[in-house]
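*Asks:* Quick one: this structure, given as structure tokens, is what I'll be asking you about.
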Amino acid sequence: MKKWLYAAGLSLALATSTVAQAADKIAVVNISSIFQQSPQRAMVAQQLENEFKGRSTELRSMKRDLQTKMQRLQRDGSAMKASERSSLEKSVMAQRETFSTKAQAFEQDNRRRQTEERNKILSCIQNAVKSVATKEGYDVVIDTNAVAYASNAKDITADVLKQVK
């Protein structure tokens, strides 16, 4: 029984010393700061704006036209003939449905493309983190947003940012 306790105590001591040694090889990095300062982010934002500019312009035009028709219906609806008012109401409802469908598709496509491009940038940042960590000999790199406190951890954010640029 004593041998088992001795073996368990020795295993615990070895595990503790291994963790203490690994603690010397920990670094932190601020991924969100790197993302915000990334030159690719500005280029991607401009690229996406250009990509969706035509659809955005079309939606704004549709919205103005729809608002104009709705204002006309509210302003002149009581003075219109019943058939004319009914026709305008049907037109407004159909145009509202078309606008809603196109706007929803636009938002989904825009969101999907933003996610794709954001993931590409984050992948590039992740590769830079791996490269810096390998070069500097770190075993563990933790995002500063996930750490409550780190006194002796080396911050490699600047090194990673240089590599990303």
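*Asks:* For region 29-165, with only Lys/Arg (+1) and Asp/Glu (-1) charged at the beta-carbon, what is the dipole magnitude about the Cα centre, in debye rounded to 20?
*Replies:* Computed about the Cα centre, the dipole is about 640 debye.
*Asks:* Rank-order 70-78, 155-163, 118-126 by packing density, defined as the average count of other C-beta atoms within 10 Å over each peptide's residues, highest first.
*Replies:* Those peptides, ordered most packed to least, come out 155-163, 118-126, 70-78.
*Asks:* Of all accessible surface on region 26-165 at a 1.4 Å probe, what whole percent is carbon and sulfur?
*Replies:* Working: 4620 of 9410 Å².
The computed percentage sits at 49.
*Asks:* At 20 °C and 1.002 mPa s, grab the translational diffusion coefficient of region 86-141 from Stokes-Einstein with a Kirkwood Rh over Cα pairs, rounded to a whole number in µm² per second. Mind showing how you got there, number by number?
*Replies:* Details: Rh = 15.0 Å.
D, rounded to a whole number, is 143 µm²/s.
*Asks:* Here's another thing I want to ask about it. Can you pull out the chymotrypsin sites (Phe, Trp or Tyr not before Pro) in region 95-165 that DSSP calls coil and that have at most 15 other Cβ atoms within 10 Å? Can you show the working numbers first?
*Replies:* Numbers: sites: F99, F106, Y138, Y149; in loops: Y138, Y149.
Passing both the DSSP loop test and the Cβ count: Y149.
*Asks:* DSSP loop (so not H, G, I, E, B), at most 11 other Cβ within 10 Å: list which GluC sites (Glu not before Pro) in region 45-139 pass both filters.
*Replies:* none
*Asks:* Collect residues whose amide H, placed 1.01 Å from N in the peptide plane, falls under 5 Å from the amide H of D155; neighbours closer than 5 in sequence don't count.
*Replies:* Under 5 Å from the amide H of D155 lie the amide H atoms of V28, each far enough along the sequence or on another chain.
*Asks:* Using amide H atoms built in the peptide plane, which far-off residues or other-chain residues are under 5 Å from D143 H to H?
*Replies:* Here the answer is V29, since their amide H atoms fall under 5 Å of that of D143.
*Asks:* Just want the answer: with Cβ charges of +1 for Lys and Arg and -1 for Asp and Glu, which residue in Q47, I142, I34 is farthest toward the dipole's positive end in region 27-165?
*Replies:* Q47
*Asks:* Okay, next question. Note the per residue figure in Å³ for the convex hull of the C-alpha positions in region 32-79.
*Replies:* Spelled out: Cα convex hull of region 32-79, divided by residues, is 79 Å³.
*Asks:* Too long at a 19 Å Cα-Cα cut-off: which of K53/K90; K25/K130; K53/K120; K25/K162?
*Replies:* The answer is K53/K90; K53/K120; K25/K162.
The values are calculated or read from the model by the stated rules, or taken from the named source; none is laboratory data. Keep in mind that what you see is a predicted model, and the values were worked out from it rather than measured. Every residue, glycine as well, gets a Cβ built from its backbone with ideal geometry; the counts of neighbours run over all protein chains shown. Only protein heavy atoms, including side chains, enter the accessible area calculation; ligands, DNA and RNA are left aside. Shrake-Rupley method; radii C 1.70, N 1.55, O 1.52, S 1.80 Å.
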